[in-house]
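The values are calculated or read from the model by the stated rules, or taken from the named source; none is laboratory data. Small disclaimer: the values here were computed from a predicted structure and weren't measured. Heads up, the Cβs are rebuilt from the backbone with ideal geometry, glycines too, and the neighbour counts pull from every protein chain shown. The protein model used for the area step is the full one, side chains on, heavy atoms only, and it has no ligands, DNA or RNA in it. Shrake-Rupley method; radii C 1.70, N 1.55, O 1.52, S 1.80 Å.
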Amino acid sequence: FSFIATPTHPRPTPVLQPSLHECLDDEEEDDDWETGTGDVEAQNVFVPDSLPTELEDASLQRGVSLATLFESAGVHLKAQTTSFTEEQAIKLYAKSRQVQCISRFISHSWKDGYRGKILALLLSENMLGTMVIPLVVSISLSVLQAQGYLPRVQVEVRDSKCQYFPYCFLGGATALFTSLFTFHHVTLGTYYRRNYFFDRLCIHQFDESRKRDGILSLANFVANTDKHIILWTPCFFDRLWCVLEVAALVQKHAGEQLPLVFLPLQLAKLCFSAYCIVFLTYFLYAT
């Protein structure tokens, strides 16, 4: 349910006019991008006139695992109506670690619900395990049935008896949902481990100096990212910080293929709902 943006012609270097300060002054209900608190007044949000492309402090480039991002039922993806205390900010910042390269830069709007974001990231980032593990389980169950270790189920259909083998689908579907929600834990200690830039956890939420340095390094974070993920809804490009992140990506890869992936949140919900409906329908039929 995602697609990679590929330019068909060279792009000019994007220019943001008017200045970011003027844009924020015009936005009466702007998000606080770095904290995810929507009630912060625009004049209290630090906004640079330009973003340098050189990273002065390597410790600012940080990432988190998907397991960390999803902990406590995705609490970090929920918008917060109040500012963080110093103790809360220190704990949040400690969840991220310094990285040499960012595997995934997550761009999102705090106005969108967190459940859709969780489903979109799970379906995108755990897709490999969601495809391979159910297939292996289904084949294994088929082999066991062929060897006589698993019995066939006998049912009556239109006054005639027939046998069928429900274990492949039921076992495969169970493996699908299990791998969908847990495969990111399996990859933590492997070569395929990925780190994700997520604003709330990778930019300090209380220390104004660190917060300012983190925001000023935004263009470098985007430039040093393998893939830029947009958790998209129709209101995504209404937010100034979201536009700024994409503009930095376009400027870095001008005339090149953009490492940009759109993950529509509504489509993620639809896909997951379809999985559930198919599984429940067959389960009710089999029982």
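Key figures
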quantity: Test result for I230, within 30 Å of Q98 (Cβ to Cβ), more than 17 Å from the chain's Cα centre (by Cα) and of a type in the set (V, I, T); calculated: no
quantity: Among (1) at pLDDT 85 or above; (2) open to solvent by 60 Å² or more (accessible area, probe 1.4 Å); (3) among the small types (G, A, S) - the single one S138 does not satisfy; calculated: (2)
quantity: Members of segment 211-237 that are surrounded by fewer than 17 Cβ atoms within 10 Å (Cβ to Cβ), in contact (Cβ under 8 Å) with a residue 12 or more places away in the chain and of a type outside the set (K, R); calculated: D226, C235
quantity: Tally of residues being farther than 24 Å from M127 by Cα and open to solvent by 20 Å² or more (accessible area, probe 1.4 Å) across segment 182-210; calculated: 5
quantity: Close pairs (8 angstrom Cβ cut-off, 6 or more residues apart or separate chains): among the basic types (K, R) in segment 107-126, open to solvent by 30 Å² or more (accessible area, probe 1.4 Å) anywhere; calculated: K111/G38; K111/A79; K111/C235; R115/K269
quantity: Residue match in segment 172-181 (condition: open to solvent by 30 Å² or more (accessible area, probe 1.4 Å), within 23 Å of K227 (Cβ to Cβ) and out of contact with any strand residue (DSSP E or B) (no Cβ under 9 Å at 6 or more places or on another chain)); calculated: yes
quantity: Output for segment 144-163, where each listed residue is surrounded by 11 or more Cβ atoms within 10 Å (Cβ to Cβ) and among the aliphatic types (A, V, I, L, M); calculated: L144, L150, V153, V155
quantity: Residue ID - nearest to A219 (Cα to Cα), chosen from residues in segment 66-81 that are open to solvent by 70 Å² or more (accessible area, probe 1.4 Å) and of a type in the set (S, T, Y); calculated: T81
quantity: Checking Y149 against (1) closer than 23 Å to F105 by Cβ; (2) not in a helix (DSSP H, G or I), the condition it does not meet; calculated: (1)
quantity: Odd one out for L122, checked against (1) open to solvent by 30 Å² or more (accessible area, probe 1.4 Å); (2) under 23 Å from T178 (Cα atoms); calculated: (1)
quantity: Residues of segment 254-283 classified as over 20 Å from L123 (Cα atoms) and open to solvent by 30 Å² or more (accessible area, probe 1.4 Å), total; calculated: 7
quantity: Subset tally (residues that are of a type in the set (F, W, Y) and either over 18 Å from R62 (Cα atoms) or open to solvent by 80 Å² or more (accessible area, probe 1.4 Å) (or both)) for segment 82-102; calculated: 1
